[in-house]
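All remarks here apply to the structure that follows.
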Amino acid sequence: MLIKFGKFHSINDLNLNSASLNDRERKLFKIAIIDDEDFYFKEQLVNLGFNITKYDDVQNLDMLASYDLIISDIKGVGKRFNAEFEGAFLLSQLKKKYPYKEFAAYTGSAYDPRISSLLNGIQVIKKDYPIEDWANAIDSLIKLVGDPKQIWLKIRKDLLDKNVSLIELLYLEDEYVNRVLKNKGFHDFPSSSEVKGLSPEIKRLIMTLSTTLLSKILSAL
């Protein structure tokens, strides 16, 4: 392995999250809303620039693979899974399958406290929030899913769980941050010779993120 001389880039060198989103940035991120009833704010949110597709329910988890944000009613959906807690169970399974997406649940009434464990790490929105609060809540989710720093922290955790060495992580993080700062593409990431020993599974993980979510983020910078 070659030794790099000079300063390594750190994820703390990234601080790119803007205070507000414009219509172009909102349109970049695909949002799925799942509700067996009419979703009252859909037209208003689309008029504000959000890229929303509404589903009455889902047949399987794979049909939502292309979406960056998934927002679901707690009740009346996820019927194909025959689970007691319906939408909450659906969101919990989607979060396991797609850890790099962001999720929110909403409801018009109080819900069973036992649902809380299923909604761990998932934002809860009141169904009767005014449109301003809905827009702010979705903007906050876009900022999370579109923040290069947050994405790398998730990638790094996955790589550590897969026993990637600390020195390989150091080189990967350096190249990742350098590409974001210089707005370079990720189609050949990682390119460093120091990490060519990565397993095919890990390379697929990185490449999948590089060619989808990260390309959207760079285009918004």
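The values are calculated or read from the model by the stated rules, or taken from the named source; none is laboratory data. As the structure is a prediction and not an experimental result, all values here were calculated from the model. Please note: Cβ atoms are built from the backbone with ideal geometry, for glycine as well, and neighbour counts cover all protein chains shown.
Side notes on the structure shown:
- The single condition among (1) surrounded by fewer than 18 Cβ atoms within 10 Å (Cβ to Cβ); (2) under 19 Å from residue 8 (Cα atoms); (3) within 19 Å of the chain's Cα centre (by Cα) that residue 183 does not meet is (3).
- Flag for residue 92 being out of contact with any helix residue (DSSP H, G or I) (no Cβ under 9 Å at 6 or more places or on another chain), under 30 Å from residue 206 (Cα atoms) and surrounded by 12 or more Cβ atoms within 10 Å (Cβ to Cβ): no
- Of the listed requirements (1) of a type outside the set (Phe, Trp, Tyr); (2) closer than 18 Å to residue 141 by Cα; (3) in contact with an Asp or Glu (Cβ under 6 Å, 6 or more places away or on another chain); (4) part of a helix (DSSP H, G or I), residue 45 misses just one: (3).
- Those helices (runs of 4 or more DSSP H) lying entirely in region 82-179 with at least 3 residues among the acidic types (Asp, Glu): 131-145
- Filter pass, residue 174 being in contact (Cβ under 8 Å) with a residue 12 or more places away in the chain, under 22 Å from residue 201 (Cα atoms), touching a His at 6+ places or on another chain (Cβ under 7 Å) and not assigned by TED's automatic domain parsing to the domain that holds residue 28: yes
- As a summary of the residue check, residue 47 satisfies the conditions (1) exposed (fewer than 13 other Cβ atoms within 10 Å of the Cβ); (2) touching a Phe, Trp or Tyr at 6+ places or on another chain (Cβ under 7 Å) except for the one numbered (2).
- Just one of the listed residues (133, 139, 161) is over 25 Å from residue 30 (Cα atoms) and modelled with pLDDT of 85 or more, and it is 161.
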